[in-house]
Each structure stands twice: as structure tokens, then as C-alpha cells.
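Every number in this text was worked out from the coordinates using simple rules, so none of it is lab data. Fair warning: this is a prediction, and the values are worked out from it, not measured in the lab. Don't worry about glycine lacking a Cβ; one is built from the backbone with ideal geometry, like all the others, and counts go over all protein chains shown.
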Amino acid sequence: MARAVREILLAIGEDPDREGLEETPARVARAYRELVRGSREDAGSHLRKVFAEGGDEIVVVRGIELYSLCEHHMLPFTGVAHVAYLPADGRVVGLSKIARTVDTFARRLQVQERLTRQIADAMVEHLSPRGVSVVVECEHACMRMRGVAKHGASMTTVAHRGAFGGDAALRSEVMALLDRGGR
């Protein structure tokens, strides 16, 4: 990867041997390994340990900060994920496990639409809840830095599964919970 970064520097007219750039190829290689580490992780591993707490009420985790790389331009998109689920049989998962699941999927070359679906589908697969809703709100550097160069534009994606997808009243309730307070 460092060799490839060196070639990019040459291709854009830089001298990769000049002071300030000498260590850049190695630094970029380390940074990208960290930024896409989720592609080497099993997101489900975070959701396997559940607790039988006896509750069947909606659980909401708001404002999970996320950082990802758009697979189209390899530029960052950043924002927050809000996750809600309706436990089945009182089975809940630790709060940090939901954040780790979001992080695992975000730390890949990604598109926001797929990221939202992957989080929802992993929750369904590993927790078997009665319902899941995921809302992801991000700003994309490719929108800000290139092309149309629109600052302040954000994207919101939503995925509903189970009861939240099929019951309009329940979906409205969970969306109100997820929307409280904005970002």
C-alpha cells in the first residue's frame, strides 16, 4: 500500500522523497488499515452476548458517532447512527455492543445506504428482536470537497425491520424516539 501511495504522490506531481513527504506513504498505509479495519471483523461477534433482563420495551441508542470511507471516492463521510430495537423474550444486548457493531460496519469502504441496512440486518440476525429501526445521518466529504461542493448538505438513511416495518403506529413511535433532540 505504501508503494501505491508513493505512486499517487508521483502521479499528482509531488516528490515523495522531499522533506515532509518522506514518511507519508507509510503513514497513509497505516491510516487506511485502521480506517477499513471493519472489513476484517465479524460484526456479529459483538451481538452474541445477550442478557435475559425480562423487559420487552423499546431500547434506543442515539448519537453513535461514526466515520466511514465512501467506496466511490475513498473520501470520508461522518455522522451518527441511531438504533432502536424491540427485544424478544427479554433478550437485550449491552449498550457498547451496539456501538461496536455500528463501528465495524462503518470501518469499511462503504455507502451509507448499505451501512444502514447492514446494521439493521445484523441486529435481526443476532438478537432476533421483534423489531429494529436504524437511522444514519451523515455528511459526505465528496459532496463538500469536490463536484457540486455543497457544504451543510447531509444524508439520512432509514431501515426498519420486523414490527417497526409492519406496524405504522409502532414505526411512528420509534421514529419520534429516534428523532428527539436532533444531532
Relative contact order of the chain (C-alpha contacts under 8 Å, at least 6 apart) in percent is 21
When the charge dipole of the chain is computed with +1 at the Cβ of Lys and Arg and -1 at the Cβ of Asp and Glu, the Cα pointing farthest to the positive end, of H126, M74, M175, is that of H126
Which whole-Hz ³J(HN,Hα) couplings does the stretch 138-152 yield from phi under the Karplus relation 6.51 cos²θ - 1.76 cosθ + 1.60, θ = phi - 60°, glycine and proline marked x?
-> 9, 10, 10, 4, 5, 6, 8, 9, 9, x, 6, 6, 9, 7, x
Charges only on Cβ, +1 for Lys and Arg, -1 for Asp and Glu: so what's the dipole of the stretch 3-59 about the Cα centre, in debye to the nearest 20?
-> 260
Would you mind pulling out the separation of the Cα centroids of the stretch 99-117 and the stretch 33-74, in Å?
-> 7
GNM flexibility winner over the chain from A26, A43, A11 (Cα, springs under 10 Å) | A11
Quick shape check on the stretch 99-183: root eigenvalues a ≥ b ≥ c of the Cα gyration tensor, a/c under 1.5 is rounded, otherwise prolate if a/b tops b/c, else oblate, and it reads oblate
Work out the length of the dipole vector of the chain about its Cα centre, built from +1 on the beta-carbon of each Lys and Arg and -1 on the beta-carbon of each Asp and Glu, and round it to the nearest 20 debye.
-> 120
For the chain, the longest principal axis of the Cα atoms and the Cα long axis of helix 2-11 enclose an angle in degrees, to the nearest 10, of 60
Extension gain from V60 to L75, taking 0.36 nm per residue of separation minus the Cα-Cα distance = 2.4 nm
Extension gain I8-K49, at 0.36 nm per residue separation less the Cα-Cα distance, in nm?
-> 10.4 nm
For the chain, modelled as a GNM with alpha-carbon contacts under 10 angstrom, which of G162, G94, G20 fluctuates the most?
-> G20
Angle between the Cα long axis of helix 95-106 and the longest principal axis of the chain, 0 to 90 degrees, nearest 10?
-> 40
Please give the calculated 222 nm ellipticity per residue for the chain, where each DSSP H segment of at least 4 residues contributes -39500 (n - 2.57) and the sum is spread over every residue; nearest 500 deg cm²/dmol?
-> -11500 deg cm²/dmol
